[in-house]
Amino acid sequence: MYRCRKCNGEGYEYVDEGSCVVKEACYHCGTTGQVDEETDWHDRLGSVAMALAYQQESEYRKWCDSDPDGDGYDLHAAENMMRTSDYFMARVYDRHYDLAEKLVAMDLPSQKLLVAWEELPHEHLSVRFNRSVQQELETKQQDLKDATSVFGDDDIPF
Ligand SMILES: [Zn+2]
């Protein structure tokens, strides 16, 4: 048996509902904290799909924002009535489903190679994502400061 990746082998998940954290049974492993080999392999392929989806969407976002004639990624999100971070993750999940299907259809040696690549020691994706959001906010605040510091109090003509 293998450790359940969804609940990290605990059999329960802790879901943050904003005001409180709720302990929920993990239905992936039926609270045992363990899954069989086939499920584990499927989950590992799922992680590969997630990593690729994240990378693709990041590239797409860069491409949107670098197109001088385009609307920019933030506006795409706004058009969908979503915050940029929610829009980003929604699109990552969409890509993830497509990629997972393609991965499942690949031969085993290729799958093994991709799983090995994804499991190389590296930062967890969510850590990287949170940091990029943080950097973005700091850049925006700095831009705002730069923009407002141009006007000293004496320059306001009224
Ligand atoms: Zn589980």
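Values quoted throughout were computed directly from the atomic coordinates according to the rules given, and no laboratory measurement underlies them. No experiment lies behind these values; they were computed from the predicted model shown. Quick reminder, even Gly has a Cβ in these numbers, built from the backbone with ideal geometry, and neighbours come from all protein chains shown.
Of the listed requirements (1) free of Cβ contacts under 8 Å to residues at least 60 places away in the same chain; (2) away from the ligand (no atom under 14 Å from the Cβ), A51 misses just one: (1). Could you tell me whether L120 is touching a residue at least 24 places away in the same chain (Cβ under 8 Å) and either under 16 Å from Y54 (Cα atoms) or assigned to a loop (DSSP other than H, G, I, E, B) (or both)? So L120 fails the test.
Quick grid of which residues meet (1) touching a residue at least 12 places away in the same chain (Cβ under 8 Å); (2) over 28 Å from A105 (Cβ atoms):
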| residue | (1), (2) |
| --- | --- |
| K6 | yes, no |
| G9 | yes, yes |
| D16 | no, yes |
| K23 | no, yes |
| Q34 | yes, no |
| D40 | yes, no |
| Q56 | yes, no |
| K62 | no, yes |
| D71 | no, yes |
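Of everything in segment 46-76, what is farther than 16 Å from V92 by Cβ and in a helix (DSSP H, G or I)? Give them in sequence order.
Once the filter is applied, which keeps residues that are farther than 16 Å from V92 by Cβ and in a helix (DSSP H, G or I), segment 46-76 yields D65, S66, D74, L75.
One residue stands out in segment 90-107 among those that are in a helix (DSSP H, G or I) and among the hydrophobic types (A, V, I, L, M, F, W, C): the one that is surrounded by the fewest Cβ atoms within 10 Å (Cβ to Cβ), namely A105. Of all residues in segment 1-26, those being more than 8 Å from the ligand (Cβ to nearest atom) and assigned to a loop (DSSP other than H, G, I, E, B) number 5. Looking across segment 56-89 at every residue that is polar (S, T, N, Q) and more than 18 Å from Q134 (Cα to Cα), the one that is surrounded by the most Cβ atoms within 10 Å (Cβ to Cβ) is identified as Q56. What number goes with the only condition from (1) more than 23 Å from the chain's Cα centre (by Cα); (2) within 12 Å of the ligand (Cβ to nearest atom) that E37 does not pass? Only one criterion in (1) more than 23 Å from the chain's Cα centre (by Cα); (2) within 12 Å of the ligand (Cβ to nearest atom) is unmet by E37, namely (2).
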